[in-house]
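One structure is given below, encoded as C-alpha cells.
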Number of protein chains: 2
Amino acid sequence: MAFTPAPIIYAIEPFGGSIRDHNPNLPLVYADDAAVTRGDGIFETLLVRGGELSNFDRHFERFYASAQLLDLPLPIKADWQRASNQAVQVWLEQWANAGAEPIDGALKWTLTRGRESTQIPSAWLSVHTISPTQLHQREHGVAVMTSPKGYHIDQHAQTPWLTVGAKTLNYAATMAALRWAKTHGFDDVLYTDGDTVLEGATSTLISVKGTKIRTPLGNGQLLTGTTQQALFEHASSLGWRCKQKDLTLEDLFRADSVWLISSVRIAARITSIDGTKLPTPENESEIRELIEQSLKVKSLANDAAKLS
Amino acid sequence: MAFTPAPIIYAIEPFGGSIRDHNPNLPLVYADDAAVTRGDGIFETLLVRGGELSNFDRHFERFYASAQLLDLPLPIKADWQRASNQAVQVWLEQWANAGAEPIDGALKWTLTRGRESTQIPSAWLSVHTISPTQLHQREHGVAVMTSPKGYHIDQHAQTPWLTVGAKTLNYAATMAALRWAKTHGFDDVLYTDGDTVLEGATSTLISVKGTKIRTPLGNGQLLTGTTQQALFEHASSLGWRCKQKDLTLEDLFRADSVWLISSVRIAARITSIDGTKLPTPENESEIRELIEQSLKVKSLANDAAKLS
C-alpha cells in the first residue's frame with residue numbers, strides 16, 4: 001500500500017456541544033478514566049467505504065442500547081452523525097490530496113464513564129485504515145478452531161445489571177482466545193456450547209445452504225450482529241430464506257458455505273474447522289457480493305447516514 | 001479534609017529503563033491503547049500508609065502472575081519498586097510542605113498491551129488519596145446485598161487462555177453490580193453461588209468466630225486476596241486458626257463478625273446482609289487492629305518494600 005492516511009480523532013462532548021479535532025500523535029485519555037481503570041465504556045466500529053459510513057443506523061441503535069444498559073449518558077445522534085461525517089470528509093480529503101483511491105477504513109465510536117476526578121464521561125471517534133490481516137482474510141478466508149467460551153451466563157440469575165448485549169470495552173478474554181488461536185496456527189475462534197455453535201471471537205456466524213441463510217439463536221448469549229441484521233433484511237428482500245436457528249458443527253459441515261461476518265472485515269469464509277477443510281463453494285463470490293451489497297443498500301436507503 | 005495532595009503519575013518503560021514524571025493534568029493514554037480499546041491490561045492497587053507501601057511483595061507477585069497469564073511483558077521488580085518508592089517520597093513531601101499529617105493513599109500499577117500502532121506495552125503508576133466513602137466504610141462498615149455473579153466459569157472447559165486469577169482491567173460488570181447496589185440502598189455486593197458465599201465486588205470475605213478465621217474456598221473462581229494472605233500469615237502466628245473453607249450465608253449469620261477486606265479500604269465490617277442486621281461484635285476493634293497490623297508487619301518484615 002503506497003499511501004497510508006494519518007488517523008483522525010475527534011473528541012466529542014458527551015452531553016452535546018463542540019467537536020474537537022485531536023492530534024492522534026498526542027495522548028487522549030487520562031490515567032483515571034474509567035475506560036482505562038475498569039474497561040467501563042462502550043464502542044462501535046463502522047466501515048468507511050469511499051464516502052459512505054456503512055450501516056450507520058444499526059450501529060447507532062446498538063451504541064444507544066449499550067449506553068442504556070451501562071447507564072451512560074445517552075449518545076446524541078445528531079452529534080455523532082455530524083462528527084462522523086466530518087471525519088469521513090477529512091479522511092477522503094487525505095486520499096484525494098495524495099491522489100490515491102481510498103481503501104476501506106474503520107470508524108470507531110467510544111463512550112466511557114469518564115474520569116474519576118471529574119465524573120464527566122469521555123467520548124470520541126477515530127478513523128484509521130483496515131489492517132492488512134483483515135483485508136487478507138476477506139479474500140482468503142479463515143481457518144478456525146472451535147472452543148467453548150469457558151463460562152456461562154446464567155439465564156435465570158437475578159442480576160439485572162449484567163450487560164449482556166452491550167458492546168463494552170471488556171475484551172481481554174476474547175483477545176486471549178485469539179492470541180492462543182494464532183499461536184496454534186488458526187486465524188480465528190469459533191465459540192461452541194456443547195454441540196451448538198455460537199459465534200466468532202468478534203463476528204457473527206452464518207451458514208448458507210441452497211437458498212437458506214442461517215445464524216445461531218444463541219439463547220440470548222450473543223451480541224446482536226449489525227452486519228447479520230443488514231444481510232438478513234437485504235437477502236430476504238431478494239428471496240433468500242433467512243432464519244435464526246440453533247446450529248451444530250454437523251450443520252456447518254453440511255452447508256454450502258460458512259462465514260464469519262462483521263462490520264469491518266465484512267465477510268471471511270471459514271475454510272477449515274479444527275483442521276478439517278470445508279470445500280470451496282461454487283457461489284462464493286455471489287454470497288460475498290450479497291453481504292457487501294446489504295451494507296451498501298442500508299447506507300443508500302438511509303439519507304441521514306450519507307455524507308452530505 | 002484541609003489538604004489534598006496532587007495526584008502523582010510516573011510512566012514506566014515496560015522493558016526496563018527510564019521512569020518519567022507525568023503531569024496528572026495531561027492525558028496519558030493514546031486512543032489506540034489496548035487498555036482503552038479492549039480493557040487488555042492488568043493492575044494492582046497498594047495502600048500507602050505514611051511512608052510505607054503495604055504488602056508490596058504479595059502485590060508484585062500477583063501483578064507478575066497476571067502478566068504471565070495475559071502474556072504481557074513480565075514486570076521488572078526493581079523498576080516498579082524504584083518508581084513506587086520515588087512516588088511515595090514525592091507524596092510525603094507534598095504533605096510535609098503543606099504541614100499536614102498524611103492520610104492513607106492508594107498507589108496503583110497499570111500494565112497494558114499498549115498501542116496498536118506501536119505494539120509497545122504501556123506501563124505507569126499513580127498515587128492519589130483514598131475516597132471519603134472508603135474512609136467512611138472502614139469506620140462504619142457496609143450494608144451488603146447478596147447476588148449470584150450471573151455467570152459461571154466452566155472448570156473443565158479446554159480454555160487454557162482464560163485469565164481467571166489475573167487482575168485485568170475488565171471490571172465493567174462489577175461496576176454495574178455496585179451501581180445497582182448503591183441505587184437500592186446498599187454499600188456493596190456479596191457474591192453468592194447457590195447457598196455458598198464467595199467474595200465482595202472488589203474484596204475478599206472473611207468471617208471470625210471465636211479464634212477461627214475463615215475465607216471461602218471459592219472453587220478456583222476467586223481472585224486471591226493479598227490482604228487475606230497477609231492476615232492469615234500474621235493471625236496464624238498469633239494463634240488464630242485460619243482456614244479456607246466453603247461458607248454459607250447461615251455460617252455468616254452465626255459468626256461473631258464478618259468482613260470485606262481489601263488493600264485500600266482494608267477492612268469494612270458487614271453490618272447487614274440483604275437488610276438483616278448483624279450484631280456488633282465485642283471484639284470489633286481487636287479484629288480491625290489484627291487486620292491493620294498484618295499489613296504493617298508484612299511491610300516491616302520486608303526491607304525491600306520499605307521506603308529507603
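The values are calculated or read from the model by the stated rules, or taken from the named source; none is laboratory data. Quantities reported herein were computed from a predicted structural model and do not represent experimental measurements. With ideal geometry, Cβ positions are generated from the backbone for all residues, glycine too; neighbour counts draw on all protein chains shown. All accessible areas refer to the heavy atoms of the entire protein, side chains included, with ligands and DNA or RNA removed. Shrake-Rupley method; radii C 1.70, N 1.55, O 1.52, S 1.80 Å.
With a 1.4 angstrom probe, the accessible area lost at the A-B interface totals about 4300 Å².
Percent of Cα pairs in the protein assembly as shown per distance bin of 10 Å, from zero to the largest separation: 3, 15, 25, 25, 17, 10, 4, 1.
Three principal axis extents of chain B based on alpha-carbon atoms, in descending order, are 53, 53, 39 Å.
If a spin label sat at a point 7 angstrom from the Cα of A:Arg254 along the line to its beta carbon, the backbone N atoms of the range A:200-229 nearer than 18 Å would be those of A:206-217.
Where only protein heavy atoms count, and the probe is 1.4 Å, what is the accessible area per residue for the range A:8-129 in Å²?
That works out to 37 Å² for each residue.
Taking all protein chains as shown and a probe of 1.4 angstrom, B:Ser263 keeps an accessible surface of around 20 Å². Solvent-accessible surface (1.4 Å probe) assigned to B:Arg20 amounts to roughly 120 Å².
If R0 is 51 Å, the Cβ-Cβ spacing of B:Leu74 and A:Ala78 corresponds to a FRET efficiency of close to 0.60.
Over the protein assembly as shown, with every protein chain in place, what whole percent of the accessible area is carbon and sulfur at 1.4 Å, could you tell me? If you can, show how the numbers build up before the last one.
Numbers: 13140 of 26090 Å².
Its accessible area is 50 percent carbon and sulfur atoms.
In this structure, A:Ser237 and B:Gln155 have a Cβ-Cβ separation that, at R0 = 60 Å, corresponds to a calculated FRET efficiency of about 0.80.
Let me have the 222 nm mean residue ellipticity of chain B computed from DSSP H runs of 4+ only, each contributing -39500 (n - 2.57), with the sum over all residues rounded to the nearest 500. If you can, show how the numbers build up before the last one.
Details: 8 runs with 98 residues, N = 308.
Taken over chain B, the calculation gives -10000 deg cm²/dmol.
The packing ranking, built from the mean of other Cβ atoms within 10 Å per residue, places the peptides A:283-293, B:226-236 in the order B:226-236, A:283-293, highest first. Applying the Karplus relation 6.51 cos²θ - 1.76 cosθ + 1.60 with θ = phi - 60° to the range B:188-202 yields 3J(HN,Hα) values of 7, 10, 10, 6, 10, 9, x, 7, 7, 9, 10, 6, x, 4, 9 Hz, where x marks Gly and Pro. Taking every residue in B:122-128 and counting other chain Cβ atoms within 10 Å of its Cβ, the average works out to 2.
When you restrict to C-alpha pairs under 8 Å that are six or more residues apart and normalise by the size of chain B, the relative contact order lands at 21 percent.
Couplings for the range A:3-15, taken from phi via the Karplus curve 6.51 cos²θ - 1.76 cosθ + 1.60 with θ = phi - 60°, read 10, 10, x, 5, x, 10, 10, 10, 7, 10, 6, x, 9 Hz in order; Gly and Pro are left as x. Take each residue in A:176-186, count the other chain C-beta atoms within 10 Å of its C-beta, and the mean is 3.
Computed across the range B:8-130, the Kirkwood radius stands at 14.8 Å (inverse of mean 1/r, all Cα pairs).
Return the subset of A:Lys149/A:Lys296; A:Lys108/A:Lys245; B:Lys209/B:Lys296 for which the Cα-Cα distance in this structure is over 28 Å, preserving the input order. The partial results should precede the final answer.
Working: A:Lys149/A:Lys296 33 Å; A:Lys108/A:Lys245 30 Å; B:Lys209/B:Lys296 23 Å.
Pairs exceeding 28 Å: A:Lys149/A:Lys296; A:Lys108/A:Lys245.
Rounded to the nearest 20 debye, the dipole size of the protein assembly as shown about its Cα centre is 220 debye, using +1 on the Cβ of Lys and Arg and -1 on the Cβ of Asp and Glu.
Near the amide H of A:Ser257, within less than 5 Å, lie the amide hydrogens of A:Val208, all on another chain or at least 5 residues away, with H placed in the peptide plane. Among the residues of A:22-30, the average count of other protein chain beta-carbon atoms within 10 Å of the residue beta-carbon is 5.
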